Amino acid sequence: MKVKIFSYVRGSQILKNMENQKEYFQNYMPENVCYGCGIHNPDGLQIKSFWEGEESVCIWESREKYHGWAKLLNGGVMATLVDCHCMCTAMAHAYQLENRGLESLPEYRYATGTLTIKYLKPTSNEHPVELRAKVTEVKNRKTVLTCSIFSKGVKTAEAEVVAIRVFDSSEAKGENAFV
């Protein structure tokens with residue numbers, strides 16, 4: 001697999017223009033306040049995931065407060081990035097299977113069944129990380145995904161994640177716990 005290297009400069013107009021061309025999964029999750037993927041959580045990580053072919057991609061830039069050791073990204077933060085990227089990917093994939101847009105109803109939400117992560121190499125906290133996830137299996141409410149983290153083009157972690165559909169607005173009885 002070829003890995004794309006992205007030039008990333010804080011505040012860069014080029015990056016902002018690239019972001020404006022993507023359809024981010026998280027933009028279609030009303031009132032999402034999740035620490036990792038919630039666009040309505042100003043203190044969270046606010047990841048943004050999008051399709052690139054059969055894979056979902058997230059490019060995320062850390063801050064110093066997320067370091068584990070000096071200049072290295074904290075492993076717990078990495079697990080959160082994988083978790084949220086994969087839950088959003090499972091949701092977007094379900095919509096794809098039904099040939100409908102992310103803005104359509106019914107609305108789905110996923111929660112983590114299992115997350116197994118292997119840390120392969122230290123991950124820089126001074127450069128953007130790239131996450132790439134792919135759905136490998138779907139069975140009823142369960143979606144299995146693989147996800148890799150790259151730092152400066154080098155794979156630093158890989159994970160297998162099981163996402164469980166825990167909300168379907170067409171079956172909801174009462175209020176949506178996710179809104």
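Annotations for the structure displayed:
- Candidates are the residues of region 62-84 that are more than 12 Å from the chain's Cα centre (by Cα) and of a type in the set (S, T, N, Q); the one that is nearest to Tyr119 (Cα to Cα) is Asn74.
- Residue in region 44-61 that is farthest from the chain's Cα centre (by Cα), counting only those that are under 18 Å from Val144 (Cβ atoms) and small (Gly, Ala, Ser): Ser56
- Taking the criterion of being surrounded by 10 or more Cβ atoms within 10 Å (Cβ to Cβ) and not aromatic (Phe, Trp, Tyr), the residues of region 55-69 that qualify are Glu55, Ser56, Val57, Cys58, Ile59, Glu61, Ser62, His67, Gly68.
- Given (1) of a type in the set (Phe, Trp, Tyr); (2) under 20 Å from Arg132 (Cβ atoms); (3) at pLDDT 50 or above, number of the condition Tyr28 does not satisfy: (2)
- Residue list for region 56-95, filter: small (Gly, Ala, Ser) and either under 17 Å from Val162 (Cα atoms) or part of a helix (DSSP H, G or I) (or both): Ser56, Gly75, Gly76, Ala79, Ala90, Ala92, Ala94
- Residue ID - surrounded by the most Cβ atoms within 10 Å (Cβ to Cβ), chosen from residues in region 134-155 that are under 16 Å from Ala111 (Cα atoms) and aliphatic (A, V, I, L, M): Leu145
The values are calculated or read from the model by the stated rules, or taken from the named source; none is laboratory data. The structure presented is a predicted model; accordingly, all values stated were derived computationally and were not measured. Cβ sites come from the backbone with ideal geometry, for glycine too, and all protein chains shown count toward neighbours.
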